[in-house]
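Chemist: Okay, handing you the structure first.
Please treat every number below as a calculation from the coordinates, not as lab data. Keep in mind the model is a prediction, meaning the values are calculated, not measured. Because the Cβ atoms are built from the backbone with ideal geometry, glycine has one as well, and the counts that use them run over all protein chains shown.
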């Protein structure tokens, strides 16, 4: 593999096994994508509220484990299989983020990688100084 300035950190317990790193670090920025996976490896396939809570909890844990926090999030991209459910995601989002909110983009998509998944989030965050 060629030399790079990107550090990829696998999720705990997935060293060498996962197809995607938990976090990629470029300089002082972290990039991560979260799905509604549970600690036991299964996927939360409940309603949009349950999936949103799990994703934002996962995001918080991942960022903190890698030297950042929700307060350091600069940008979120939210992928929703039903854009009409965006208001439910927003209700949960307000429980995790405060004003001033990160820049964000909501994208409607017909499907996500796992059947029954309703939401996925990609975040860009600064590392704590």
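Chemist: Give the calculated FRET efficiency between residue 97 and residue 43 to the nearest 0.05, with a Förster radius of 30 Å applied to their Cβ-Cβ distance. Mind showing how you got there, number by number?
Modeler: On the way: r = 23 Å, r/R0 = 0.78.
Result of the calculation: an efficiency of 0.80.
Chemist: Stick to the Cα atoms of the stretch 31-107, pair each with every other, and give me the Kirkwood hydrodynamic radius in Å at one decimal.
Modeler: After inverting the pairwise mean of 1/r, the radius is 12.9 Å.
Chemist: Could I ask something else about it? For the stretch 69-129 and the stretch 31-45, what is the separation of their Cα centres, given in Å?
Modeler: So the separation of the two Cα centres works out to 14 Å.
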